[in-house]
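The structure appears right after this line, and notes come after that.
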Amino acid sequence: MSAKLMQGKRGVVMGVANDHSIAWGVAKTLHEHGAEMAFTYQDEPFGKRVRPLAESIGAKIVIQCDASKEEDLDRLFATLKQEWGSMDFVVHSIAYADKNELKGDYFDTSLANFLNAMHISCFSFTAVAKRAKDLMTKGGSMITFSYLGAERVMPNYNVMGVAKAALEASVRYLAVDLGPKNIRVNSISAGPMRTLAGAAIGGGRHLFKFITKASPLGRPLTLEELGNTALYFLSDLSTAVTGENHYVDCGFNITGMPRQETFDEIAASNGN
Ligand code: IMJ
C-alpha cells in the first residue's frame, strides 16, 4: 500500500454481523490504510462472530451496543471518549425490519413494525451522529448505507424502502447541522450483496441475476469495492463532499429498461 489514507484516524464501525457484512468489508479496507477502529455488536450471538474478526485486525475496543437503545449509545460514546478522547469517523451499517413484512403488500405493514424499522434503520444513525459529533473535535466523516429501494419501488423491500428514504433525508439534514463543525455526512447506496441482510429476500436469486445482467457493468459488485468507496468518504480524499447519496451498484440505478439481448440472456439462463 503506497499511501496510508487513514493513518492517525480513529472511528467506530457498527453493524458487523459476520465476515460477509458490508461493515466488515469496509473495516478491512480502512485497516489496510492505517485506521484504528472500535466495533459494536447488537447482542451476544453477534459478539461471538465480531470479537475474532476485530482481534484479527488488532482492534482493542469491541462493545455490545444495541443501536435502538439510548442507554447503550450513551455507554458506547462514554467509553470512546474515555479511551480515545476524540474520534474521526463513523461507519453505520445497521438495518432491521420484521422479515414477514419484507414480502407481500407494503400497505400491510403494521404500525409496530413501521416504527421499529424506522427506529433501527433510520433514527439510530441520527442518534449516533448526535453523540459522535461531540468527539469529532478536529472535524470528521460519517457514512451510512442505503439502497435503491429508497427512491424506486423494488419488489418486497416495502417498509425498508420507506425507512431508507428517511435515512437518505436525514443524511442531508445532518450534513447541514454538522457542516460548520467540518463533519461530513454521506450515504452509500450499494447494489445487492450476499450478506446476512441480503440473504433470504423474496425472489432473491431472480432479482440478483436481473440486476447483475441489467447493470451497465454487467457484473455483481464486491465488498472490496464498497470498502474502497468508504475509504474515499472517510479519508481526506472527499473533504468537499457532504450530504450525498452515492451509488455503488455497477450503474444499475441509471438504467431504464434493459436491451433485448439482456432479456434474451436472462431467459436463456433461467433454464439453468
Ligand atoms: C431486503 C428485502 C427485500 C428486498 C431486498 C432486500 N432487496 C435487497 C435487500 C432487493 C437488495 C437487502 N437490503 C438492501 C436491505 O436493506 C435488507 C434489510 C433487511 C434484511 C432483513 C432480513 C432478515 C430480517 N430482517 C431484515 N431487515 C432488514 O429478519
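The values are calculated or read from the model by the stated rules, or taken from the named source; none is laboratory data. Note that the structure is predicted; figures quoted are calculated from it, not measured. Neighbour counts are summed over all protein chains in view; Cβ atoms, including those assigned to glycine, are modelled from backbone coordinates with ideal geometry. Areas reflect the complete protein model, heavy atoms only, side chains present, ligands, DNA and RNA absent. Shrake-Rupley method; radii C 1.70, N 1.55, O 1.52, S 1.80 Å.
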* Structure fact -> Amide H proximity to Ile63 below 5 Å, modelled H, separation 5+ or other chain, gives Phe39, Thr40, Tyr41
* Shape parameters for segment 32-163, alpha-carbon atoms, Rg then Dmax in Å -> 16.5, 47
* Asked: Ignoring ligands, DNA and RNA, what accessible area per residue does the chain give at 1.4 Å, in Å²?
  -> 49
* Antiparallel DSSP beta bridges within the chain, as percent of all bridges there, nearest 5 -> 0
* Assigning unit charges at the beta carbon (Lys, Arg +1; Asp, Glu -1) and nothing else, what dipole magnitude in debye, to the nearest 20, does segment 1-60 show about its Cα centre? -> 160
* **Dipole of the chain, positive end: most advanced residue of Gly191, Val241, Ile22 [Cβ charges, Cα centre]** => Val241
* To do: For the chain, calculate the relative contact order in percent as a whole number, restricting contacts to Cα pairs under 8 Å that are 6 or more residues apart.
  => 19
* Roughly how many Å is it from the Cα centre of segment 221-272 to that of segment 100-119, as a whole number? -> 27
* How big is the C-alpha Rg of segment 162-272 next to the rule-of-thumb value 2.2 N^0.38 Å, as a ratio? -> 1.28
* To do: For the chain, with a Gaussian network of springs between Cα atoms less than 10 Å apart, report the residue from Arg194, Arg131, Arg205 with the top mean-square fluctuation.
  => Arg205
* Within the P(r) computed for segment 196-256, what percentage of the Cα pairs occupies the region above 20 Å? -> 40
* Please list the non-local residues whose amide H lies under 5 Å from the amide H of Tyr96, H modeled 1.01 Å from N, same-chain partners needing a gap of 5 or more. => Ser121
* **Candidates Asn116, Asn100, Asn156: whichever shows maximal mean-square fluctuation once the chain is modelled as a Gaussian network with Cα springs under 10 Å** => Asn100
* Asked: So how tilted is helix 70-84 from the main axis of the chain? Cα-based, degrees 0 to 90, rounded to 10.
  -> 50
* Hey, can you grab everything whose amide H is under 5 Å from the amide H of Met142? Only 5+ residues off in sequence or another chain; H modelled, so Pro and N-termini drop out. => Val90, Arg184, Val185, Asn186
* Relative contact order (%) - criterion: Cα under 8 Å, at least six apart; region: segment 34-153 -> 26
* **Computed over segment 123-272: relative contact order in percent, which uses C-alpha pairs under 8 Å that are six or more apart** => 27
* Cβ charges +1 (Lys, Arg) and -1 (Asp, Glu), total dipole of segment 51-98, debye -> 220
* **Net charge of neighbours whose Cβ lies under 14 Å from the Cβ of Ala17, counting Lys and Arg as +1 and Asp and Glu as -1** => 0
* For the chain, with the dipole built from +1 on Lys and Arg beta-carbon atoms and -1 on Asp and Glu ones, taken about the Cα centre, which of Leu102, Ala169, Val50 lies farthest toward the positive end? -> Val50
